[in-house]
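The values are calculated or read from the model by the stated rules, or taken from the named source; none is laboratory data. Please read all numbers here as calculations on a predicted model, not as lab measurements. Cβ coordinates were reconstructed from backbone atoms using ideal geometry, including for glycine residues, and neighbour counts include every protein chain displayed. Accessible surface areas use protein heavy atoms only, side chains included; no ligands, DNA or RNA. Shrake-Rupley method; radii C 1.70, N 1.55, O 1.52, S 1.80 Å.
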Amino acid sequence: MTTDLTAAAETTDGFSLVIDALKLNGIDTIYGLPGIPITDLTRKAQAAGLRMIMFRHEQHAGNAAAAAGFLTGKPGICLTVSAPGFLNGLTALTNATTNCFPMILISGSSEREIVDLQQGDYEEMDQLAIAKPLCKAAFRVLHAQDIGVGIARAIRAAVSGRPGGVYLDLPAKLFAQTMDAAAGKASLIEVVDPAPRQLPAADAVQRALDLLKSAKRPLILLGKGAAYAQADAAIQALVETSGIPYLPMSMAKGLLPDNHPQSAAAARSLVLAQADVVLLVGARLNWLLSHGKGKTWGQDQGAVAGRKFIQIDISPTEADSNVAIAAPLVGDIGSCVSALVAGMASGWAKPQADWIGAIAAVKDKNLSKMAATLALDPPVMNFHSALRVIRDVVKANPEAILVNEGANTLDFTRSIVDMYLPRKRLDVGTWGIMGIGMGFSVAAAVTTGNQVLAIEGDSAFGFSGMEVETICRYKLPVCVVVFNNNGVYKGTDVNPLGTDVAPTVFVKGARYDLLMTAFGGVGVSASTPAELDAAIQQAFASRQPTLINAVIDETAGTESGRITSLNPQAKKK
Ligand code: FYN
Ligand code: ADP
């Protein structure tokens, strides 16, 4: 590639302005996939010092951008080609929005004049209109002099208030537009304070404190919003100063170490059913929390008719979305939590011993039961004996980032593998989406440099498996463990007609490890906990891309894991 340096000194173009605007705002990495009309943008961005992480399918590039957004608090950027590439990125953009992760999907698009008259352009699609209902905000830039504004608006929309996905449409013609270089530079905007703190009102803080003080059986519920907020010290102070038991949602695990004495994770049913005042910190009362009502919340026992909720959230419209919120505390989590802790300084009584004792009793029982199950060494490796290894590896390597998807693989890992540090667990989140595995793993390795351990169901892995090539290409320290039980949920279903295999069954005895060796990584097949452990130790020591095919008992696993109740087919059985 050659550049005309004389011309570049006087004029600039759309390509350069996009790159300069991103760099000006501290963006250092782009996840994407090259093609018409953005191929040259990827080359020029790389030449300008941006890290270009290119994938094999846009959905995984989008998932990587979303995870980067969650981990760093800066919008992750995904760059795709027009129509089909854009659509491939859209699932990730929508998932990011659903999960409140900041990301920007930048897509090239075809000629507006032709698209709008529906005259059949190359990859014709009204991308802006399609993206709009699926993300937090969507913008299109038509003129080079507006690129600075377009990128500034996209950044602000992604990270301010409730974070989410933003779509930025850049038609092909824009990239080649030229303008005076000095005017171009002056048109760029360095966004000042993109995610401003939002202080809670003093009366709202007092209302929340009064309610919390009145509780006999208080509970703190930490969600992934609390992890995203990077207010770790304030959250620890809230939990420890108040003495209130807490329950982490899955991506909030590790915000405080899971072996913290105040964790009520192993007494989940008890605390949800019996708490009389619940403080939600960056957690929504959606399906994962049974919408704040019903059996999970003890309503069949009539035990807690007067239960009250306090909800800390940056979004003022989150309160009352499912049940009444007696004390909404609107603001950023760091400011809200700090205000509560400050309010406790003037006298605070820790929860009564009977509540703490009741939780401890159930917790001890569940922990002992789990310890006994994990101590078993069944002749064929199962979820528990394999996860005992993973549990110990994570304990010894708390900085490692755990990526987790599947059904049983997800549910067992969540309850068996303790996390010790904030933002070290990435999983299927609010939607229970499959396919985040390799995209999240790439972003975790790229943004942190830490070792990544992806615990994947064999079905879940299939959605993004081709990205092991991406992992090898960038030589990322990612160790993928595929829990291979020959099928979705398990591998034993039989088609009564005896024709094709049953819908949930895969090729038996598949060697997922060979996928990694195809691209120069390390592949190992492990049938025992000892083999699994040895392979992970080797992967962590070498930091080589590694895929371990962990052969699991094909009869192990239940339909839909712990959420069988959501599955009408399973209900009938
Ligand atoms: C938890 N538990 C433990 C521990 N941790 N026991 C012992 N030791 C430890 N460390 C107990 C806990 O008290 C519960 O028992 C039980 O284990 C399950 O805990 P979990 O996993 O936290 O809670 P549960 O009930 O599964 O939570 C509901 C949920 C969760 C909806 C939040 O299932 C979830 O996050 N699901 C996501 C599912 C998903 O997205 N799947 C992808 C699609 S799969 P009790 O207290 O006795 O109840 C498509 O098929
Ligand atoms: P979980 O699934 O772990 O329960 P959710 O995704 O349901 O978590 O909830 C996260 C919540 O956190 C969202 O309602 C979001 O608005 C909120 N949130 C995200 N970031 C912040 C922040 N910095 N300050 C306050 N609230 C936040």
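Total residues in the stretch 250-271 satisfying the condition of being part of a helix (DSSP H, G or I) and open to solvent by 40 Å² or more (accessible area, probe 1.4 Å): the figure is 3. Look at the stretch 518-534: where a residue is over 17 Å from PHE483 (Cβ atoms) and a partner is open to solvent by 40 Å² or more (accessible area, probe 1.4 Å), sitting 6+ places away or on another chain with Cβ atoms under 7 Å, you get GLY521/GLN544; VAL522/GLN544. Note on the stretch 399-426: residues that are within 14 Å of ligand 2 (Cβ to nearest atom), open to solvent by 10 Å² or more (accessible area, probe 1.4 Å) and either in a helix (DSSP H, G or I) or of a type in the set (D, E, K, R) (or both) total 3.
Reported count of residues in the stretch 455-464, each being under 17 Å from VAL551 (Cβ atoms) and open to solvent by less than 10 Å² (accessible area, probe 1.4 Å), is 6. Looking across the stretch 232-269, the residues that are more than 9 Å from ligand 1 (Cβ to nearest atom) and among the aliphatic types (A, V, I, L, M) come down to ALA233, ALA234, ILE235, ALA237, LEU238, VAL239, ILE244, MET251, ALA252, LEU255, LEU256.
For TRP287, which of the numbered conditions (1) within 21 Å of GLY357 (Cβ to Cβ); (2) within 16 Å of ligand 1 (Cβ to nearest atom) fails to hold? Every listed condition holds for TRP287 apart from (1). For the stretch 180-200, the tally of residues that are aliphatic (A, V, I, L, M) and either touching a residue at least 40 places away in the same chain (Cβ under 8 Å) or open to solvent by less than 30 Å² (accessible area, probe 1.4 Å) (or both) stands at 6.
In this structure, does MET1 turn out to be modelled with pLDDT under 95, among the hydrophobic types (A, V, I, L, M, F, W, C) and either under 30 Å from ALA252 (Cα atoms) or in a loop (DSSP other than H, G, I, E, B) (or both)? Spelling it out, MET1 is indeed modelled with pLDDT under 95, among the hydrophobic types (A, V, I, L, M, F, W, C) and either under 30 Å from ALA252 (Cα atoms) or in a loop (DSSP other than H, G, I, E, B) (or both).
A count restricted to the stretch 217-231 and to residues that are part of a helix (DSSP H, G or I), open to solvent by 30 Å² or more (accessible area, probe 1.4 Å) and within 16 Å of ligand 1 (Cβ to nearest atom) stands at 1.
Of the helices (runs of 4 or more DSSP H) contained entirely in the stretch 84-179, those carrying at least 2 residues that are of a type in the set (Lys, Arg) and crowded, with 17+ Cβ neighbours inside 10 Å fall at 147-159. Looking only at the stretch 21-53, residues that are of a type in the set (D, E, K, R) and either surrounded by 22 or more Cβ atoms within 10 Å (Cβ to Cβ) or more than 17 Å from ALA176 (Cα to Cα) (or both) come to 3 in all.
With respect to ILE471, is the statement that it is within 16 Å of ligand 1 (Cβ to nearest atom), buried (at least 23 other Cβ atoms within 10 Å of the Cβ) and part of a helix (DSSP H, G or I) true? The answer is no for ILE471.
Sub-7 Å Cβ pairs linking a first residue in the stretch 362-383 that is open to solvent by less than 40 Å² (accessible area, probe 1.4 Å) and in a helix (DSSP H, G or I) to a second residue that is among the small types (Gly, Ala, Ser) and modelled with pLDDT of 95 or more, at least 6 apart or interchain, are LYS363/ALA264; LYS363/ALA266; LYS363/ALA267, ordered by first then second residue.
Evaluation of ASP392 against the conditions (1) surrounded by fewer than 22 Cβ atoms within 10 Å (Cβ to Cβ); (2) of a type outside the set (Ser, Thr, Tyr); (3) assigned to a strand (DSSP E or B) shows that the sole unmet condition is (3). For the stretch 234-249, give me each residue that is part of a loop (DSSP other than H, G, I, E, B) and open to solvent by 20 Å² or more (accessible area, probe 1.4 Å). Selection gives MET249 alone.
If you scan the stretch 275-293, which residues turn out to be away from ligand 2 (no atom under 12 Å from the Cβ), open to solvent by less than 10 Å² (accessible area, probe 1.4 Å) and assigned to a loop (DSSP other than H, G, I, E, B)? Residue satisfying the conditions is ALA275 alone.
Contact map, the stretch 56-74: residues that are part of a helix (DSSP H, G or I) paired with residues that are acidic (Asp, Glu) and open to solvent by 30 Å² or more (accessible area, probe 1.4 Å), Cβ distance under 8 Å, separation 6+ or inter-chain. No pairs are found. Residue under question is GLU111, and the condition is that it be under 21 Å from GLY35 (Cβ atoms) and modelled with pLDDT under 95; does it hold? The answer is yes for GLU111. Only one entry in GLN299, GLN311 is more than 16 Å from ligand 2 (Cβ to nearest atom) and outside any helix (DSSP H, G or I), namely GLN299.
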